[in-house]
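Below is one structure, written out as structure tokens, with a few remarks after it.
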Ligand SMILES: CC(C)(COP(=O)(O)OP(=O)(O)OC[C@H]1O[C@@H](n2cnc3c(N)ncnc32)[C@H](O)[C@@H]1OP(=O)(O)O)[C@@H](O)C(=O)NCCC(=O)NCCS
């Protein structure tokens, strides 16, 4: 089931964020990520996938800058189409907010890198720490 997260989901969302093996949160980013997540919780939507009685994945956009802020699936639930189902909802939030292009960054050589390339995202360059910047038009 896909639904919008409520405040009760916050602990599980944090667990999933910490359970992933790639694109892990660096300690330098913890407080910035917490601030952005809090803003989106209060002003936007965390889209979550619920299965077996718990949230197993989430997708979230930051409508302020046109980015996909997060797309994370619990490692035990990877490879079943959960990210492919959730990501369009976060992209739609960006489109409705007036953006014509969605952007995100991810580490090279990861599952996410391969996933975005197969799903219509274009590699547009690198950030200073080597993360790939992907873009996708929002039609
Ligand atoms: C990258 C990540 C979000 C992908 O999530 P996922 O749910 O495993 O991805 P999906 O299952 O939707 O897609 C992966 C593949 O599974 C396959 N798949 C298996 N069963 C499927 C099903 N029932 N329906 C659809 N696809 C299925 C597809 O081949 C799909 O390939 P595609 O890219 O050609 O669509 C996930 O691996 C993850 O959270 N990684 C760690 C964190 C991370 O890197 N996040 C991104 C940070 S920017």
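Annotations
- Which listed residue, of 130, 98, is out of contact with any strand residue (DSSP E or B) (no Cβ under 7 Å at 6 or more places or on another chain), part of a loop (DSSP other than H, G, I, E, B) and at pLDDT 95 or above: 98
- Conditions (1) in a strand (DSSP E or B); (2) more than 12 Å from the chain's Cα centre (by Cα): number failed by residue 48: (2)
- Region 128-138 - residue that is away from the ligand (no atom under 15 Å from the Cβ) and in contact (Cβ under 8 Å) with a residue 24 or more places away in the chain and, of those, surrounded by the most Cβ atoms within 10 Å (Cβ to Cβ): 138
- Note on region 1-42: residues that are assigned to a strand (DSSP E or B) and within 16 Å of the ligand (Cβ to nearest atom) amount to 1.
- Residues within region 58-81 that are crowded, with 22+ Cβ neighbours inside 10 Å and either assigned to a helix (DSSP H, G or I) or on the phi > 0 side of the Ramachandran plot (or both), tallied: 0
- The residue that is farthest from residue 116 (Cα to Cα), counting only those in region 74-91 that are more than 8 Å from the ligand (Cβ to nearest atom) and free of Cβ contacts under 8 Å to residues at least 24 places away in the same chain, is 76.
- Only residues that are out of contact with any strand residue (DSSP E or B) (no Cβ under 7 Å at 6 or more places or on another chain), surrounded by 14 or more Cβ atoms within 10 Å (Cβ to Cβ) and outside any helix (DSSP H, G or I) were counted in region 101-127, giving 2.
The values are calculated or read from the model by the stated rules, or taken from the named source; none is laboratory data. Remember, it's a predicted structure, so these values are computed and weren't measured experimentally. For neighbour counting, all protein chains shown are included, and Cβ atoms are generated from backbone atoms with ideal geometry for every residue, glycine included.
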